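In what follows, a single structure is set out as structure tokens and then discussed.
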Amino acid sequence: MAVAKPVIHHRDHEHGGADPVHVVWEDVGTSGGGTGGGGYATVQDEGTALPAETKLNFVGAGVTATDDAANTRTNVTIPGGYTTAQDEGTALPVRATINFVGAGVTATDDAANSRTNVSVLGGASGGTIDPVLTAFGFTAITGDPRYYAAPAANSSGTIRANGVWIPSGNVLTTMGLYMTNAGLAVTFCKVGVYNTAWTLLASSVNTAALPANTGWRTAALSPAWTCPANGLYYLAFIIVGSNVGNYMTTMPAAPPQGVMSQSPAPGTPFMWWTQGGQTDLTNPATPAQTAAQPPFVYAF
């Protein structure tokens, strides 16, 4: 409200009247000279002005708005995130969520470097590394059955294990080996999966009938096992009895120089290993280098 008063003060009082007062109403909210409380004059979205309203509301899980009275301001915090997602260098539409799928894909938070690391396993998605072997139905296999290797003599009570890469998410329900000569007097047989810490992760029950014939011989894992992470694992078996037969190896002949079951690179795990004098798949195992031929073991 603005007040104006005329200058004819003496004349008005001579007649016994009061000073006249002129009242003029003014909309302070729209006047540049108004003093009726400060606030936001303009709110913009990416540089474009929005309609003027009496309130400003921030929404969304990633947005926080706090009063900063000391500095007479409101602080709005919007966390950074993905601005562009690309597929082989080609930008994809921007979405609120990025979801990585597939047995061969793992995504992990790298807080120290303020980023997300996505690992995509080369080769087939799921199955084995070789897409042809995956097409044959194998989810893990220590050799290529399309190439003949050789039979190898077995011994009672020896755990035999061969290394294999298994992608994350692969489900192993059945394991087996190829018997070149049947075991005619077997009392105990198991197949199983070990990791590089020699922990037994999965195994079958005693299946003494597995080596009783030649050819592809299998046993069900109990229960089925899902690979938790891309990595090196060992498919293993043990046969106990007075006649345990022969197994198929992944080598055409015994190593000419004896022991070669560990890579020469320092600190690397065994490529294949054995542990003798056992009555079951031990947990954990105590593997040793061996001059024996590596076993051909598979899973699906």
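The values are calculated or read from the model by the stated rules, or taken from the named source; none is laboratory data. Please read all numbers here as calculations on a predicted model, not as lab measurements. As a convention, Cβ positions derive from the backbone with ideal geometry for all residues, glycine included, and neighbour counts pool all protein chains shown.
For the reader, a short list of remarks on this structure follows.
- Condition met for A212 (within 28 Å of G169 (Cβ to Cβ) and at pLDDT 95 or above): no
- Qualifying positions in the stretch 233-256 - at pLDDT below 95 and among the hydrophobic types (A, V, I, L, M, F, W, C): M248, M251, A253, A254
- Taking residues in the stretch 189-205 that are assigned by TED's automatic domain parsing to the domain that holds Y178, and partners anywhere that are basic (K, R), the pairs with Cβ atoms closer than 7 Å and at least 6 places apart or on different chains are S203/K190; S204/K190.
- Flag for T282 being closer than 19 Å to R217 by Cβ and modelled with pLDDT of 85 or more: no
- Pair list, Cβ under 6 Å, 6 or more apart: the stretch 160-175 residue within 16 Å of S261 (Cα to Cα) and buried (at least 19 other Cβ atoms within 10 Å of the Cβ), other residue polar (S, T, N, Q) and modelled with pLDDT under 95: N162/T142; V164/T142
Listed here are the residues, each with its yes/no results for (1) in contact with a strand residue (DSSP E or B) (Cβ under 7 Å, 6 or more places away or on another chain); (2) surrounded by 13 or more Cβ atoms within 10 Å (Cβ to Cβ); (3) outside the structural domain of L172 (by TED's automatic domain parsing); (4) at positive phi.
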{"site": "R217", "(1), (2), (3), (4)": "yes, yes, no, no"}
{"site": "Y233", "(1), (2), (3), (4)": "yes, yes, no, no"}
{"site": "G245", "(1), (2), (3), (4)": "yes, yes, no, yes"}
{"site": "T249", "(1), (2), (3), (4)": "yes, yes, no, no"}
{"site": "A265", "(1), (2), (3), (4)": "no, no, no, no"}
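- T134 being modelled with pLDDT under 90 and surrounded by 18 or more Cβ atoms within 10 Å (Cβ to Cβ): yes
- Filter result (more than 33 Å from the chain's Cα centre (by Cα) and modelled with pLDDT under 80) within the stretch 59-79: R73
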